[in-house]
1. Taking the simple approach of a point 7 Å from Cα along Cα-to-Cβ for both D56 and E136, what is their distance in nm?
2. Please find, in a Gaussian network model of the chain (springs between Cα atoms separated by less than 10 Å), the residue of A163, A126, A111 whose mean-square fluctuation is greatest.
3. E86 versus T239, label points 7 Å from Cα toward the beta carbon: distance in nm?
4. Could you rank L141, L51 by how accessible they are, 1.4 Å probe, largest area first?
5. Relative contact order (percent) for the chain, with alpha-carbon contacts under 8 angstrom and 6 or more residues of separation?
6. Determine how large the accessible area of Y131 is when every protein chain is in place; take a 1.4 Å probe and give Å² rounded to the nearest 10.
7. State whether region 131-283 is rounded, prolate or oblate according to the following rule on the C-alpha gyration tensor (a ≥ b ≥ c being the square roots of its eigenvalues): a/c under 1.5 gives rounded; otherwise a/b larger than b/c gives prolate, and the remaining case gives oblate.
8. Within region 248-263, whose backbone N sits under 19 Å from a point 7 Å along Cα→Cβ of E228?
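The values are calculated or read from the model by the stated rules, or taken from the named source; none is laboratory data. Predicted model, so just to flag it, every value in this text is computed and none were measured. In this analysis, Cβ positions are derived from the backbone assuming ideal geometry, glycine residues included, and neighbour counts consider all displayed protein chains. The area values use the complete protein model at the heavy-atom level, side chains included, leaving out ligands, DNA and RNA. Shrake-Rupley method; radii C 1.70, N 1.55, O 1.52, S 1.80 Å.
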Amino acid sequence: WKHGGIVGVFGYGGGVIGRYCDQPQMFPGVAHFHTIRVAQPAGMYYTTDFLKQLCDLWDMRGSGLTNMHGATGDIVLLGTTTPQLEEFYFELTHKMNNDLGGSGSNLRTPASCLGDSRCEWACYDAQELCYQMTQEYQDELHRPAFPYKFKFKFDGCPNGCVASIARSDMSFIGTWRDDIRIDQEAVAAYVGGEIQPNGGAHSGKDWGAFDIQKEVIDLCPTECMWMEDGKLQINRQCTRCMHCLNVMPRALRIGNDRGLSILVGAKAPILDGARMGSLLMPF
């Protein structure tokens, strides 16, 4: 198999991954089994009508096998023959108003989280930035001219639902510059057991009463939190790991001075896990 160069659609160098069986006489049904990458919308929002059209088209022009979504983010359609590529592409672009994603030594399809369309932690409009960057770099996306692939990923907050550091070369991560906002009454409600921690995700399990010292304060990586006179205090050593906000979402809120950090050069080695990229733009 190969990213581009063997087969493709007219005018594009990416989007189609050529796959051939090395024993076509023994396995004629998969002599060709090309993969097509279809660009996903920012935040991966779909209508059922779009998905039905796509599946019907792929049943006609391909194997019907799909992958929602690949590691790059695209809709991945697995298995078709060379004569079907242009037919599929015409239907996708002219009738469904969609486009192919990136493959090969080029910019891969940018991907974002749901951003502030649904998430209360979003610090910038991740979907809008993803869309604008996709539009700006269409030529780099479809006509490979790089020595290797390159990826943008957009996380709306440090929770990293898109895993931008592990999955991209240039990650955009939402953050804030001022203090975490604290609702002390809600903190007391968590401590008193009136509100379930973690949004109630662990309710029903016999783990005992919520212990803010053990479950939040002692787990802070910079030890920036403490209780004083029954009130929670957080100083400027906070590195926005998001743990305390995820455990007590009704008591703690992200700051109001919101933006994003841009990092480059991250990787995900097998033994050590994802390594943080170099911070290019702090805010």
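1. 3.8 nm
2. Residue with maximal mean-square fluctuation among A163, A126, A111: A163.
3. Rounded to a tenth, the inter-label distance reads 5.6 nm.
4. Working: L141 5, L51 55 Å².
Most to least solvent-accessible, the answer reads L51, L141.
5. Values: 588 pairs, mean separation 42.5, N = 283.
Relative CO of the chain lands at 15 percent.
6. Approximately 120 Å² for this residue.
7. Numbers: a/c = 2.55, a/b = 2.21, b/c = 1.15.
Prolate, because a/c is 1.5 or more and a/b exceeds b/c.
8. Within reach of a label on E228: 252-253.
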